[in-house]
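Below you'll find the structure, written out as structure tokens, and then a few comments.
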Amino acid sequence: MSATPPYPSAHGLLSGKVVLVTAAAGTGIGFATAKRAVEEGATVVISDTHERRLGEAADQLAEIAGDRPLAIMCDVTVEEQVQNLFDTAAQTHGGIDVVVNNAGLGGTANVTEMTDEQWSKVLDVTLNGTFRCTRAAMRHMQPRGKGAIVNNASVLAWRAQEGQAHYAAAKAGVMALTRCAAIEAAPFGVRINAVAPSIAMHAFLAKVTTDEVLDVLTSREAFGRAAEPWEIANVIVFLASEYSTYMTGEVVSVSSQHP
């Protein structure tokens, strides 16, 4: 197993930008992205559905930034809450430069046992929620003639895994949404890309997944380990920055997985 590399130094990649990250509470990719954005000089706005964890995330980011970031409760399945998130962020900071659509919901169920409710819930959070936030971001960014949106997809949109039909279908939809929306946004100077991680280890994933499943998934990785959430966040920061100005409609696999 390869050792985890050292945590990267900041280079001011998002200096002066306002970055909104959904589902940023907890220990996963969302919080790691918000943290990396703050370290790279951004003013960050975070949202989540869990009030206590959202407050804890804001407190942790305040220790880095010096000021407590704007933290707004938002359920991405509710259009009114999405509108409130974007309106409040834009009014508070005078605009939004980057949106990271990280909100998603997983689960495990074989197709023959999967209920309509299980299917619909995963699709509504993971795909429809990304659509609602992408739409809100485009409506805000296009008149300004600038902006970057980064969606969180998954390698499962390409690779089959038992019990993941709903999640894989939702993430495949996120990829298609990313490509089509990018074509529409390009004439307005707005870029839309996505990342497709394989496995990023954090406390919540360990809690809801068995050790056996985690062992199988990590065994498929060339490095012999799961990614750290900040390793995914690094690529999100790259796509949000001026280092990727000729990229739009792309899905970047952040993975060491082999067939």
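The values are calculated or read from the model by the stated rules, or taken from the named source; none is laboratory data. Just so it is clear, the model here is predicted, and its values are computed rather than measured. Counting neighbours? That spans all protein chains shown, and the Cβs are built from the backbone with ideal geometry, glycine included.
Here are some notes:
- Filtering region 74-121 to residues that are part of a helix (DSSP H, G or I), closer than 25 Å to SER241 by Cα and in contact with an Asp or Glu (Cβ under 9 Å, 6 or more places away or on another chain) leaves only VAL82.
- Applying the criterion of being crowded, with 24+ Cβ neighbours inside 10 Å and touching a Cys at 6+ places or on another chain (Cβ under 8 Å) to the residues of region 17-70, the residue that is nearest to SER198 (Cα to Cα) is THR22.
- Considering the conditions (1) more than 22 Å from ARG139 (Cα to Cα); (2) surrounded by fewer than 16 Cβ atoms within 10 Å (Cβ to Cβ); (3) not polar (S, T, N, Q), GLU80 is excluded by exactly one of them, (1).
- Taking residues in region 30-56 that are in contact (Cβ under 8 Å) with a residue 12 or more places away in the chain and of a type in the set (Lys, Arg), and partners anywhere that are part of a helix (DSSP H, G or I) and crowded, with 24+ Cβ neighbours inside 10 Å, the pairs with Cβ atoms closer than 6 Å and at least 6 places apart or on different chains are ARG36/ALA233; ARG36/VAL237.
- Just one of the listed residues (ALA233, ALA196) is modelled with pLDDT of 95 or more, within 20 Å of the chain's Cα centre (by Cα) and over 26 Å from ALA160 (Cβ atoms), and it is ALA233.
- Pick from region 238-259, criterion part of a loop (DSSP other than H, G, I, E, B) and modelled with pLDDT under 95, ranking: surrounded by the most Cβ atoms within 10 Å (Cβ to Cβ): SER255
- Within this structure, GLY95 passes the test of being within 17 Å of ARG139 (Cβ to Cβ), touching a helix residue (DSSP H, G or I) at 6+ places or on another chain (Cβ under 7 Å) and in contact (Cβ under 8 Å) with a residue 40 or more places away in the chain.
- Among residues of region 148-170, those that are of a type in the set (Gly, Ala, Ser) and within 16 Å of the chain's Cα centre (by Cα), counted: 6
- Qualifying residue in region 132-153 (condition: without any contact (Cβ under 8 Å) to a residue 40 or more places away in the chain, outside any helix (DSSP H, G or I) and not acidic (Asp, Glu)): no
- Listed conditions (1) surrounded by fewer than 19 Cβ atoms within 10 Å (Cβ to Cβ); (2) modelled with pLDDT of 95 or more are all met by ASP211, apart from (2).
- Qualifying residue in region 54-63 (condition: under 18 Å from ASP97 (Cα atoms) and at pLDDT 95 or above): no
- Of the criteria (1) under 22 Å from ARG135 (Cβ atoms); (2) touching a helix residue (DSSP H, G or I) at 6+ places or on another chain (Cβ under 8 Å), which one THR88 fails: (2)
- Count of region 158-172 residues which are out of contact with any Pro (no Cβ under 9 Å at 6 or more places or on another chain) and either part of a loop (DSSP other than H, G, I, E, B) or touching a residue at least 60 places away in the same chain (Cβ under 8 Å) (or both): 9
- Hits in region 107-153 (condition: crowded, with 16+ Cβ neighbours inside 10 Å and at positive phi): GLY147
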